[in-house]
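Here's the structure we're looking at; comments come further down.
Bear in mind these aren't lab numbers, they're just calculated from the coordinates by the rules spelled out. Keep in mind that what you see is a predicted model, and the values were worked out from it rather than measured. Ideal geometry is used to build each Cβ from the backbone, glycine not excepted, and the neighbour counts take in all protein chains shown.
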């Protein structure tokens, strides 16, 4: 089991410097941890390099220079490549290294990675997060964790830098299953948020005034409070990409089918997001669902105001 990390003794590796990863790694560097980073596009890592991070040419090279290696990439295929591939992180891990995948991915893949890691005396943890770009920037993410409990608890100093909540959920794969619960909740909630604001707009209400009334009552939610203002402003820049959310809902629905569960609400949300992506909005934020719902009602939603 890894000893308790500290900036003096623990070298951090980071794979994936996108919308969330760059902020998360940045918090660790600012806390004093030496970091080695890799991203498919080196330019995306420049802000971290300017903070003192070192560049590596592959995930394998990252692992060779690190005690704890974090990854947060896009899709399960990307996770497989950066961890299990020939130039993946596991190939560069010395015994005792800890791999932490923070991508939202398949529970079965998390288990597969954990088993492959254990064969090399490496510990693999699945630790997907919720909170979007806001949570990543503010260090207030919720971190859902599966894997060896002792290792998870020893990493507390690192979890606490990146998030305000971290919870060990069980063995390998449990973190990913918990994230599927999270995404199921968000899917239905985002439909409700967009439909409600669409109703308010069509009925002639002032949307900012409406938000004051409904966001602090029983209808309040993180999505309403944090994404509602962006919807009203017509700002659909990504805190979390539509295409990644579609991926997440697909994983959740696949897992549900395997457990003989029917989730009609999630199925509807997934269909609406597929419609949104087909209209060319796959790289917008999840709150851009408003654009698809507005189009269905022949409403031209104000943008950029």
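Quick look at the values:
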{"quantity": "Likely footprinting exposure, 120, 212, fewest C-beta neighbours within 10 Å first", "calculated": "212, 120"}
{"quantity": "Nearest 10 degrees, 0 to 90: helix 107-118 Cα axis against the chain principal axis", "calculated": "10 degrees"}
{"quantity": "Highest-MSF residue in the chain out of 77, 89, 63 [GNM, Cα springs under 10 Å]", "calculated": "77"}
{"quantity": "Pairwise centroid distance, computed over Cα atoms, of region 9-29 with region 113-131, Å", "calculated": "17 Å"}
{"quantity": "Dimensions in Å of region 25-122 - Rg and Dmax from alpha carbons", "calculated": "13.0, 37"}
{"quantity": "Rounded tilt (10° steps) of 222-233 against the dominant C-alpha axis of the chain", "calculated": "60 degrees"}
{"quantity": "Structure-derived semi-axes √(5λ) of the Cα gyration tensor in Å - corresponding label in (i) 33, 27, 16; (ii) 29, 25, 17; (iii) 36, 20, 17", "calculated": "(iii)"}
{"quantity": "Cα-Cα P(r), region 169-305, percent of pairs per 10 Å interval", "calculated": "12, 42, 32, 12, 2, 0"}
{"quantity": "Computed helical MRE - 222 nm, the chain, DSSP H runs ≥ 4 contributing -39500 (n - 2.57), nearest 500", "calculated": "-14000 deg cm²/dmol"}
{"quantity": "Order of 245, 75 - criterion: other Cβ atoms within 10 Å of each residue's Cβ, fewest first", "calculated": "75, 245"}
{"quantity": "Alpha carbon centroid spacing (whole Å) that separates region 205-222 from region 40-93", "calculated": "41 Å"}
{"quantity": "Three principal axis lengths of region 148-220 [C-alpha, angstrom, descending]", "calculated": "55, 22, 17"}
{"quantity": "Residues 143, 111 arranged by fewest to most Cβ contacts within 10 Å", "calculated": "111, 143"}
{"quantity": "Bins of 10 Å from zero: percent of alpha-carbon pairs in region 55-108", "calculated": "28, 57, 15, 0"}
{"quantity": "Diffusion coefficient, µm² s⁻¹, Stokes-Einstein with Kirkwood Rh over alpha-carbon pairs of region 197-257 at 25 °C and 0.890 mPa s", "calculated": "182 µm²/s"}
